[in-house]
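A short write-up of the structure that comes next.
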Amino acid sequence: MKINKVYARFYKSFNYDHHRKAHRDAEPRPWEMIGESWYPYIEVPIDARITTIVGANESGKSHLLGAISKAISGEDFKHQDLCRYCDFFNVERGNDFWPHLGIAWSDVTEDEVGKIRSEVAGAPESFQSFLMFRQGPDKLELYFWTSTGIFHREELLGAAARDFGKSVLPRVFTIQSNVALPGALPTSELISGQSGVLRDRQNRRLSLQVADILRGIYSTDQTRFAKDLPGLAPKLSPIISEMDESPATQGELRKSYTLARKLLLHLANVEPERLVELGQFIDAGENGHVTALVDSINQQLEKRLNFPKYWVQDRDFQLRVTALESDLVFTIRDRTGTQYTFDERSAGLKYFLSYFIQSQTHEPDPDRPEILLMDEPDAYLSAEAQQDLLKIFRGFAEPDGDARPVQVVYVTHSPFLLDKNRAERIRVLQKGKGSDGTRVIKDASQNHYEPLRSAFGSYVGETAFIGACNLLVEGTADQVLLAGLSRAIQRRGAASESELLDLNRTVLVPCGSASHVPYMLYLIRGRDSDAPAVIILLDSDKSGNEAAEKLRRNDKKVRRLLNPEYVMQFADFGIVQDPSYAMTEPEDLLPIELAVAAANIYFREVAEFREGGTITLTPAEVVPHLNKQVGIYDALKVAAESHASHIDKIGLARAIVALCETSKADQALEASIVVFLDRMKALFKGLNRKRRAAEEERLRHRVKALVEQQRKIFLQDHPESATREQGLFLFERIGDGLDQSLDAKGIRDQMLACFGNSRTPFSLNPGQ
């Protein structure tokens, strides 16, 4: 059983769907009525695997997670959750009103049907989906589809409503985004893990300071001791104030310590008795036993913690423990071999480790499917760490082996937690005007991600669209077409990676026109020493030729920005052999039947918002306009003008994508779609070849710049001569900064060869 859709009305920022109620073609559904009044639910579709919820501040993102949990469990309903600007907010005695929350379920199994029928005798004998709506904790409505097309309704009240689904509905669990792995675990937690007053290292240090001050005036003479105490106030007051301001509350410490114990006991599989012994040995000062146990724990962590699979920023990363005073301190060893405490590293690593531990120690429900909810995990993570977190989500939703998949729903305010290859999984929430409340933006990914830009804000929104490798295209229509068709090919399955655009690695950047491409290139690569990789795709028309000529000319300023090899024009790919009409832009790859069908979809959509009837083109009206100088779009444009109409390039691109994403069209059109997508695969293969070359060149430049920087510093520090040991230190610094690329490996091999033979001369001066 999976969530297919979430329904909410009168819940916090979710009032009701004003737009649907105002739509001329909308009709009320049975569950939307309250007496004679119609209040449509706000509906949020949920993907079968992973759903990403985004939106601006106060748009209701986090409220949606609460709605899912309460709708399933029926627990934690509160009057304070009632939307304050809904029609039913009141304080009248005897007129209680609750938020309304619902779930549409799909993929219901026969076993689950049996369990539901044991609780709801009137449920149909067979069904694969149903709806449930909670109107508070004590009222539940169920709707089942029937063969007649009429919904069958069942109502549960009181205890029956509260207890419904406890044994069959999916179990909701969370990864807590505000719990970090602690920097140290006290020995008291190692020995017992018992509840009591908890203190972090800072509070324990301050407590020792207080004890030292008191010990300085302590006397067995109680009268004298009491007399001296007031004089300590100036010393004790700032210390006690600092203790009061300690950031870690008892609840936070308990969660952090529990997480650390899970890491050691469950993930590292350390025997609990060995932890007890370790705590006792630390307190007793038996350092030999402590060292032996700590070394053994570190071996277990290295063997069982497959962290590098998820943390690509440092493949040599190691999590270790060290005994220090009365604590077991967590430390980090990076690829340089240096060991750090958590206080010396960013908070992001602590929180990512927390998410990783929570995910790896999660114990699946043996009987029920599960749903993972996570609220804004991006708060403490860098852009790279957020990309790593997506792997954890995919591990839940698409597990290896026979593990049961988990549906994942997470809220984010970061563009780096979007899987751009799966734009259909993104849901954008927006805060409406006045009493509209939260609403859902439909087809958020279709309009070149514009709702996402608005949701993230101008600066953060634009950041999402400048990435590791940027493919500069002329206009927004190119962006919509290339991204959408890559998604369409992926949905149809059986495509290699080279036949797709990986939108998490390749960012499509529309420049506005061919003439604006050089300026966009400067913005991306001309203002930073560490410039991202860029490739360019231009049309083969007049403006594209002019831009390509400018970018390929033998000019030092231009060559500094980009290798001319990465400036591509559409005609260079030669995808269609001996074409009968112009091949200057991606739309020219369309078979004529598919092009006309997409144009007619566009005309129908436009007709909804304009007076007069829609027009319908036929291939016979378009073909006469095609020739060696005129391609598909221009021919469609001329044909539309003959009907006193116009065709927009972005609108046509969206229609093309919509047709290609259709599972199966009629046979004639399906054949054209297959031909078109095969041509697009050839285009994507060519683009991917250039992307890989551009990325490799960027890595080479980074390696070269690193080596050159260290060489210059070394020569300044040692202008006359240097010892072998100083040279070794230089090579170590260079090695620490190298990545895992082949060029970096080549430099490592050269350094190793040099120091492997002490008599091999090595010059730091180029040309010698």
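Derivation of every value follows stated rules applied to the coordinates shown; laboratory data play no part. Being a predicted model, the structure only gives us computed values, none of them experimental. A quick note on method: Cβ atoms are made from the backbone with ideal geometry, for glycine too, and the neighbour counts reach across all protein chains shown.
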Only bridges whose two residues both fall in segment 466-695 count here: according to DSSP, what percent of them are antiparallel, nearest 5?
10
Long-range amide H contacts for Tyr11: which residues qualify at under 5 Å (H placed 1.01 Å from N, peptide plane, sequence gap of 5 or more or a different chain)?
Cys83, His100
For the chain, averaging the sequence separation of alpha carbon pairs under 8 Å that lie six or more residues apart and dividing by its residue count, the contact order in percent is 11
Whole-Hz ³J(HN,Hα) from phi, Karplus 6.51 cos²θ - 1.76 cosθ + 1.60, for segment 507-518, glycine and proline x:
9, 7, 10, x, 9, x, 5, 4, 5, 8, 4, x
Long pairs among Lys542/Lys685; Lys61/Lys166; Lys303/Lys420; Lys431/Lys649, criterion Cα-Cα beyond 32 Å
Lys303/Lys420
Along the positive direction of the dipole of the chain (beta-carbon charges: Lys, Arg +1; Asp, Glu -1; about the Cα centre), which of Ile632, Ala668, Leu236 reaches farthest?
Leu236
Within-13-Å neighbourhood charge of Ala160 [Cβ basis; K, R +1; D, E -1]:
-2
Rank by packing, highest mean first: peptides 483-492, 545-554, 171-180, 147-156, with packing defined as the count of other Cβ atoms within 10 Å averaged across residues.
483-492, 171-180, 545-554, 147-156
Report the net charge of residues surrounding Asp502, where surrounding means a beta-carbon distance below 10 angstrom and charges are Lys +1, Arg +1, Asp -1, Glu -1.
+2
How do the peptides 318-330, 52-64, 81-93, 711-723 rank, highest first, by the average count of neighbouring beta carbon atoms within 10 Å per residue?
52-64, 318-330, 81-93, 711-723
Amide H proximity to Thr51 below 5 Å, modelled H, separation 5+ or other chain, gives Val408, Val409, Tyr410
Against the 2.2 N^0.38 Å rule of thumb, the C-alpha Rg of segment 696-756 sits at a ratio of 1.13
Would you mind checking the radius of gyration and Dmax of segment 556-619 based on alpha-carbon positions, in Å?
18.8, 56
Using helices alone, what [θ] at 222 nm do you get for the chain, with -39,500 (n - 2.57) per DSSP H run of 4 or more residues, divided over all residues and rounded to the nearest 500?
-13500 deg cm²/dmol
Under 10 Å from the Cβ of Ala180, count the other residues' Cβ atoms, weight Lys and Arg +1, Asp and Glu -1, and hand me the total.
+1
Starting from the exponent 0.38 and prefactor 2.2 Å, build the expected Rg for the chain from its residue count and divide its actual Cα Rg by it.
1.17
Based on alpha-carbon positions alone, could you give the equivalent ellipsoid semi-axes of segment 6-69 from the gyration tensor, as √(5λ), descending, whole Å?
23, 13, 12
Please list, in chain and number order, the residues 5+ apart from Val534 or on another chain whose amide H is under 5 Å from its amide H, with Hs placed from the backbone.
Asn470
Relative to the compact-globule estimate 2.2 N^0.38 Å (N residues), the Cα gyration radius of segment 8-165 stands at a ratio of 1.07
Take the Cα pairs of segment 521-569, get the Kirkwood Rh, then feed it into Stokes-Einstein at 20 °C and 1.002 mPa s and tell me D in µm²/s.
191
May I ask what percent, to the nearest 5, of DSSP beta bridges between residues of the chain are antiparallel?
60
